[in-house]
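Novice: Submitted below is the structure of interest, expressed as structure tokens.
The values are calculated or read from the model by the stated rules, or taken from the named source; none is laboratory data. Predicted model only: the values in this text are computed from it and were never measured. Reconstructed Cβ throughout: ideal geometry from the backbone, glycine too, with neighbour counts over all protein chains shown.
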Amino acid sequence: MNIPDNLKYTKEHEWVRLEEDGNVVVGITDFAQGELGELVYVEVDTIGETIEQDEVFGTVEAVKTTSDLFMPVSGEILEFNSALDENEGDNPGLINTDPYGEGWVVKIKPSDMDQLNELLDHDAYQELVG
């Protein structure tokens with residue numbers, strides 16, 4: 001299982017990467033995609049909306065289940081990865097094959113940078129998933 005040490009993590013199995021411009025990129029962890037299985041659909045219809053930490057911003061659908069995506073930090077959804085969007089790239093399987101790269105889900109403009117400090121580091125996430 002791949003858990004990069006340069007990212008932050010949530011208990012809901014999402015990863016967060018702070019970009020140089022102050023925005024954050026959010027995706028689903030390798031552990032989560034492995035538990036979900038083959039992803040067939042990703043829905044994020046909250047672009048341009050400001051959503052509070054821990055609120056649902058979208059869903060992912062696998063062959064056997066659907067799971068909510070939760071905001072790791074409060075902020076505005078700036079972008080949904082067009083490669084995952086059914087109207088553009090339509091390739092949700094990128095989350096399965098490259099969860100920390102091409103399989104990112106959204107970019108967010110955080111409204112409270114301090115919330116990043118509440119997220120799990122590599123070691124804490126490793127302990128969570130065993």
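Novice: Going through 98, 68, 85 one at a time, which residue ends up being closer than 20 Å to residue 42 by Cα, of a type in the set (Asp, Glu), surrounded by fewer than 20 Cβ atoms within 10 Å (Cβ to Cβ) and modelled with pLDDT under 95? Working first, answer last.
Specialist: On the way: 98 fails: modelled with pLDDT under 95; 68 fails: modelled with pLDDT under 95.
Result: 85 is the single residue among 98, 68, 85 that is closer than 20 Å to residue 42 by Cα, of a type in the set (Asp, Glu), surrounded by fewer than 20 Cβ atoms within 10 Å (Cβ to Cβ) and modelled with pLDDT under 95.
Novice: Could you run through the range 57-101 and say how many residues are within 17 Å of residue 31 (Cβ to Cβ), within 14 Å of the chain's Cα centre (by Cα) and β-branched (Val, Ile, Thr)?
Specialist: Total meeting the criteria: 2.
Novice: Follow-up. If we keep just the residues of the range 102-124 that are outside any strand (DSSP E or B) and touching a helix residue (DSSP H, G or I) at 6+ places or on another chain (Cβ under 8 Å), which is nearest to residue 14 (Cα to Cα)?
Specialist: In this case the residue turns out to be 105.
Novice: For residue 26, work out the one condition from (1) in a loop (DSSP other than H, G, I, E, B); (2) closer than 20 Å to residue 2 by Cβ it doesn't fulfil.
Specialist: (1)
Novice: Considering only residues of the range 41-65 that are outside any strand (DSSP E or B) and aliphatic (A, V, I, L, M), which is surrounded by the most Cβ atoms within 10 Å (Cβ to Cβ)?
Specialist: Of everything passing the filter in the range 41-65, 44 is surrounded by the most Cβ atoms within 10 Å (Cβ to Cβ).
Novice: Right, something else. List pairs: first in the range 35-51 and in contact (Cβ under 8 Å) with a residue 24 or more places away in the chain and among the aromatic types (Phe, Trp, Tyr), second surrounded by 13 or more Cβ atoms within 10 Å (Cβ to Cβ) and assigned to a strand (DSSP E or B), Cβ under 7 Å, 6+ apart or cross-chain?
Specialist: The qualifying pairs are 41/61.
Novice: Of the numbered conditions (1) in a strand (DSSP E or B); (2) loosely packed, with under 15 Cβ neighbours inside 10 Å, residue 76 fails exactly one; give the number of that condition.
Specialist: For residue 76, the exception is condition (2).
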